[in-house]
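These notes are about the structure you will find just below.
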Number of protein chains: 2
Amino acid sequence: MQPDSTAVRTYLLQLQESICSALEREDGTGRFAADDWERAEGGGGRTRILSGGTVFEKAGVAFSHVVGTALPPSASTRRPDIAGKPWSAVGVSLVIHPRNPFVPTSHANVRFFIAGADGAAPAWWFGGGWDLTPFYGFEEDAVAWHRAARNAVAPFGAQLHGRFKTACDEYFFLRHRGEPRGIGGLFYDDFDELGFVKSFALTRSVGDAFVGAYLPIVARRKATTYGEREREHQLRRRGRYVEFNLLQDRGTLFGIQSGGRTESILMSLPPLVRWDYGAVPKPGSAEARLLEVFLKPRDWLGGRP
Amino acid sequence: MQPDSTAVRTYLLQLQESICSALEREDGTGRFAADDWERAEGGGGRTRILSGGTVFEKAGVAFSHVVGTALPPSASTRRPDIAGKPWSAVGVSLVIHPRNPFVPTSHANVRFFIAGADGAAPAWWFGGGWDLTPFYGFEEDAVAWHRAARNAVAPFGAQLHGRFKTACDEYFFLRHRGEPRGIGGLFYDDFDELGFVKSFALTRSVGDAFVGAYLPIVARRKATTYGEREREHQLRRRGRYVEFNLLQDRGTLFGIQSGGRTESILMSLPPLVRWDYGAVPKPGSAEARLLEVFLKPRDWLGGRP
């Protein structure tokens with residue numbers, strides 16, 4: 001079956017809407033503004049941003065549909081046959097920076113890529129996933145998060161969850177720090193192995209499950225009391241987020257290199273960030289335990305149902 | 001004449017000392033801490049950091065001497081003959097983030113690189129320069145800065161200042177923003193054309209002139225009254241600094257890729273930074289004039305002596 005780009009686009013626009021609505025409900029006061037844009041080379045998008053909410057200090061949920069006449073080499077090292085060919089990418093990407101340091105930052109992305117052809121069948125694939133970046137570790141949250149991830153992909157194959165979880169741990173690892181960015185979740189890319197209909201259904205399942213995975217954690221932690229110490233720790237850890245996004249993240253670097261819309265690509269950056277030279281948490285503190293214990297990749301579900 | 005790495009190293013250690021002392025005097029209360037480190041693969045360094053000073057919110061002055069057994073390709077595209085050869089780099093790099101938004105951020109770097117050989121004469125070169133990143137434009141400061149730059153290199157050739165100024169404007173340009181990082185100054189790399197003795201003398205002249213170029217500007221602006229609006233503008237512009245350093249700066253990327261000491265490389269990042277989606281200064285404001293008028297590359301000295 002030929003891939004149906006229009007159906008994917010329609011789904012993604014709905015997904016953006018429903019995620020924004022759910023986040024607004026959880027926030028209580030913050031509202032998403034919409035910024036529509038077009039790209040001279042073709043395509044465009046709708047960036048939605050909530051700034052200065054009660055719960056969410058900054059949340060960006062971006063839909064984009066970008067087309068190009070020649071695929072940049074950075075996007076196609078695994079598929080040399082389509083380098084330089086016309087391409088089109090449609091996706092929703094979101095990053096949420098909560099105000100309260102006990103609420104984790106989260107990121108999700110679902111995307112569809114199609115390239116090639118001159119008469120031949122096009123190459124296409126889906127990618128997606130979500131990952132969680134806590135500043136303080138709560139086992140209950142980590143287990144719930146990974147359980148939601150497993151449930152989202154389980155109907156599509158018994159092996160997928162383990163594969164996507166491992167890929168997520170590997171992808172969100174800051175090589176120059178020797179640190180995981182967070183506790184991971186799901187990550188897949190270049191995915192076409194189930195055929196278009198099922199690969200699309202998997203991607204919908206991942207996209208649709210995000211809100212149900214994240215918001216219960218937000219609800220549980222958003223009223224936790226915190227002070228300067230926790231805020232400072234959060235702002236420093238956000239520095240790692242910036243480092244990852246600008247030094248390593250493939251989506252960010254591809255967007256920047258392919259002449260994407262800078263402000264939409266960099267909406268992922270946190271509202272306020274600190275860098276303090278040589279800052280290391282006090283041994284034995286909750287801040288130290290985050291890296292020493294909590295962020296170690298592990299099987300959070302173990303034998304749990 | 002064979003290059004004398006030891007003399008360069010000795011000079012750079014003295015330069016680090018004298019710059020730190022001058023900055024401490026200007027700050028009044030802040031003091032530089034010293035962090036000595038060694039690298040398992042060879043070499044090491046001394047990173048000096050002043051945090052939370054009266055005038056300087058964060059200032060880092062780093063000496064490093066790094067040796068490697070195989071030059072990474074990213075360092076040698078212009079010199080394919082030395083790719084994969086043993087190499088050694090010694091340098092001083094500094095970034096100063098003042099507290100008052102009317103005081104510009106500044107950066108300077110002088111470095112010496114030597115590589116190659118197996119019996120053959122080694123390839124070596126100097127690099128260096130300094131550049132200024134104001135948040136508010138003052139013509140008096142820009143003229144004085146560029147005059148000091150011209151004076152530092154004038155004894156070594158009439159063409160050098162124009163060449164190094166243009167190279168600086170080109171290097172410190174954020175491609176994804178279509179914006180200069182600041183008003184430039186001097187930038188050179190891969191410099192051996194005057195032979196070792198004169199190329200080293202040029203580099204000393206550039207290194208030695210930095211304090212005299214920067215501190216008078218600091219002294220002139222450090223007591224200027226400012227409020228939330230100016231501070232917010234400063235923190236947003238610092239975001240551009242982070243973007244440049246992590247997305248484009250060759251020294252940063254080479255350091256990160258070659259397994260350099262992360263904390264020393266990233267000491268350049270500002271202490272506190274904001275990213276606000278779609279933030280644009282009010283038309284006609286001083287903040288708007290910075291980009292629209294002041295940061296346009298131009299001949300600041302004109303016919304001035």
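Counting only residues that are closer than 30 Å to B:ILE256 by Cβ and open to solvent by 10 Å² or more (accessible area, probe 1.4 Å), the range A:135-158 holds 2 of them.
Among the residues of the range A:208-234, those that are within 14 Å of chain B (Cβ to nearest Cβ) and touching a residue at least 24 places away in the same chain (Cβ under 8 Å) comprise A:ARG231, A:GLU232, A:GLN234.
A residue that is modelled with pLDDT of 95 or more and among the small types (Gly, Ala, Ser) cannot be found anywhere in the range A:109-123. Would you check if A:SER93 is within 28 Å of A:LEU71 (Cβ to Cβ) and either small (Gly, Ala, Ser) or in a helix (DSSP H, G or I) (or both)? Against the criterion (within 28 Å of A:LEU71 (Cβ to Cβ) and either small (Gly, Ala, Ser) or in a helix (DSSP H, G or I) (or both)), A:SER93 qualifies.
Taking the range A:1-29, which residues are at pLDDT below 95, assigned to a loop (DSSP other than H, G, I, E, B) and open to solvent by 30 Å² or more (accessible area, probe 1.4 Å)? Selection gives A:MET1, A:GLN2, A:ASP4.
Of the residues making up the range A:159-187, those that are away from chain B (no Cβ under 14 Å), surrounded by 14 or more Cβ atoms within 10 Å (Cβ to Cβ) and more than 20 Å from A:THR105 (Cα to Cα) are A:LEU160, A:HIS161, A:ARG163.
Of all the listed residues (B:ALA121, B:ALA144, B:ALA149, B:ALA154), the sole one being of a type outside the set (Lys, Arg), over 30 Å from A:ARG274 (Cβ atoms) and part of a loop (DSSP other than H, G, I, E, B) is B:ALA121.
Among the residues of the range B:129-169, just one is among the basic types (Lys, Arg), closer than 30 Å to B:SER285 by Cα and in contact (Cβ under 8 Å) with a residue 40 or more places away in the chain, namely B:ARG147.
If you filter the range B:45-66 down to residues that are more than 14 Å from every other protein chain (Cβ to nearest Cβ) and buried (at least 16 other Cβ atoms within 10 Å of the Cβ), you find that the one that is farthest from B:PRO104 (Cα to Cα) is B:VAL66. If you go through the range A:40-59 and keep only what is in contact with a strand residue (DSSP E or B) (Cβ under 9 Å, 6 or more places away or on another chain) and farther than 29 Å from A:PRO101 by Cα, you end up with A:GLU41, A:GLY42, A:GLY43, A:GLY44, A:GLY45. One residue stands out among those in the range B:192-205 that are among the hydrophobic types (A, V, I, L, M, F, W, C) and assigned to a helix (DSSP H, G or I): the one that is most open to solvent (accessible area, probe 1.4 Å), which is B:VAL197.
When the criteria are applied in full, B:TYR188 meets the requirement of being within 27 Å of B:PHE138 (Cβ to Cβ), under 15 Å from the mean Cα position of the chain (by Cα) and not hydrophobic (A, V, I, L, M, F, W, C). Within the range A:235-278, the set of residues being open to solvent by less than 40 Å² (accessible area, probe 1.4 Å), more than 9 Å from chain B (Cβ to nearest Cβ) and farther than 20 Å from A:TRP130 by Cα comprises A:SER258 only. Going by the structure shown, is B:ARG78 basic (Lys, Arg), part of a loop (DSSP other than H, G, I, E, B) and loosely packed, with under 14 Cβ neighbours inside 10 Å? When the stated conditions are applied, B:ARG78 passes them. Note on the range B:30-44: residues that are open to solvent by 20 Å² or more (accessible area, probe 1.4 Å) and in a strand (DSSP E or B) amount to 7. Filter the range B:215-234 down to residues that are of a type in the set (A, V, I, L, M) and farther than 15 Å from B:THR105 by Cβ and give me whichever is least open to solvent (accessible area, probe 1.4 Å). The selected residue is B:ALA219. The condition (being of a type in the set (Asp, Glu), in a helix (DSSP H, G or I) and farther than 23 Å from A:LEU266 by Cβ) is satisfied by just one residue among B:ASP189, B:ASP208: B:ASP208.
Scanning the range B:101-112 for residues that are crowded, with 22+ Cβ neighbours inside 10 Å and out of contact with any Pro (no Cβ under 9 Å at 6 or more places or on another chain) returns B:PRO101, B:HIS107, B:ALA108, B:ASN109, B:VAL110.
The values are calculated or read from the model by the stated rules, or taken from the named source; none is laboratory data. Just so it is clear, the model here is predicted, and its values are computed rather than measured. In this analysis, Cβ positions are derived from the backbone assuming ideal geometry, glycine residues included, and neighbour counts consider all displayed protein chains. All accessible areas refer to the heavy atoms of the entire protein, side chains included, with ligands and DNA or RNA removed. Shrake-Rupley method; radii C 1.70, N 1.55, O 1.52, S 1.80 Å.
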